[in-house]
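*Asks:* I'd like to ask some things about the structure below.
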């Protein structure tokens, strides 16, 4: 039989254990923001543009936009264009082709691009660097923030993000015709996490 004194001691001991348990409780983990990825998307098979009202009968897979992204570090902006196929030559654009990522900051439009062709490769008119990654079917264009026409720093909002592909005349960046285009209503905050490795 439990005596009043024994019951009192049990209750006191139980109350002393509660703070100890609470003190060792695991704090709630803070969830990291999900990296921005595929800010721009586009259906395949529609790269039929010629720069005129007439379209080509078949889509140019090398210039067929599937998705695109833009991301920044403290010093660099990288634009990415992913396409249906990325070959070292293009019979539908024998004199060269261009990949372009566009965006707007504070109502002012800017872009980064690369021109590829028999005459060589030009990364943003010589201001940038990049990589043509056939395995990933993507083109990555990296340009110093100081070379952009708009001010971009951590926290700057980039809007009107899109991608363009063109047929061009060799590496002289003379556009012969817009082939495919894709745009997004999504925005990117400079410095935010992204699936794009900036500068790579």
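*Asks:* Do we have residue 152 as part of a loop (DSSP other than H, G, I, E, B), within 12 Å of residue 81 (Cα to Cα) and at pLDDT 95 or above here? It would help to see each step written out before you state the result.
*Replies:* Values: part of a loop (DSSP other than H, G, I, E, B): yes; within 12 Å of residue 81 (Cα to Cα): no; at pLDDT 95 or above: yes.
No, not satisfied.
*Asks:* Could you tell me which numbered condition residue 51 fails, if it satisfies all but one of (1) at pLDDT 95 or above; (2) touching a strand residue (DSSP E or B) at 6+ places or on another chain (Cβ under 8 Å); (3) at positive phi?
*Replies:* So the condition that residue 51 fails would be (1).
*Asks:* May I pose another question? For residues in the range 95-123 being outside any strand (DSSP E or B) and modelled with pLDDT under 95, which is nearest to residue 81 (Cα to Cα)?
*Replies:* First pass over the range 95-123, keeping only residues outside any strand (DSSP E or B): 95-96, 106-107, 118-119.
Of the ones still in play, those that are also modelled with pLDDT under 95 are 95-96, 118-119.
Values: 95: 20, 96: 16, 118: 21, 119: 21 Å.
Looking at the filtered set, the residue picked out is 96.
*Asks:* Follow-up question, since we're still on this one. Within the range 152-179, can you find the residues that are closer than 17 Å to residue 106 by Cα and in contact with a helix residue (DSSP H, G or I) (Cβ under 8 Å, 6 or more places away or on another chain)? If you could, list the steps in order and put the result at the bottom.
*Replies:* Narrowing the range 152-179 to residues closer than 17 Å to residue 106 by Cα: 152-162.
Matches in the range 152-179: 152, 153.
*Asks:* Look through the range 69-102, keep the residues that are without any contact (Cβ under 8 Å) to a residue 60 or more places away in the chain and crowded, with 16+ Cβ neighbours inside 10 Å, and return whichever of them is farthest from residue 40 (Cα to Cα).
*Replies:* Taking the candidates together, the pick is 90.
*Asks:* Okay, next question. Here is a list: 190, 182. Which entry is within 20 Å of residue 104 (Cβ to Cβ) and in contact with a helix residue (DSSP H, G or I) (Cβ under 9 Å, 6 or more places away or on another chain)?
*Replies:* Values: 182 fails: in contact with a helix residue (DSSP H, G or I) (Cβ under 9 Å, 6 or more places away or on another chain).
When all the criteria are applied, what remains is 190.
*Asks:* Among the residues of the range 139-182, count how many are closer than 15 Å to residue 98 by Cβ and without any contact (Cβ under 8 Å) to a residue 60 or more places away in the chain.
*Replies:* Qualifying residue count for the region: 3.
*Asks:* What number of residues within the range 118-137 satisfy the criterion of being out of contact with any strand residue (DSSP E or B) (no Cβ under 6 Å at 6 or more places or on another chain) and at positive phi?
*Replies:* Just the residues of the range 118-137 that are out of contact with any strand residue (DSSP E or B) (no Cβ under 6 Å at 6 or more places or on another chain), to begin with: 118-121, 125-126, 133-136.
From the residues that got through so far, the ones that are at positive phi too are 120, 125-126.
The number of residues fulfilling the criteria is 3.
*Asks:* Under the condition of being surrounded by 12 or more Cβ atoms within 10 Å (Cβ to Cβ) and touching a residue at least 60 places away in the same chain (Cβ under 8 Å), which residue from the range 42-58 is nearest to the chain's Cα centre (by Cα)?
*Replies:* Applying the filter and picking the extreme gives 42.
The values are calculated or read from the model by the stated rules, or taken from the named source; none is laboratory data. In this text, all values refer to a predicted model and were calculated from it rather than measured experimentally. Ideal geometry is used to build each Cβ from the backbone, glycine not excepted, and the neighbour counts take in all protein chains shown.
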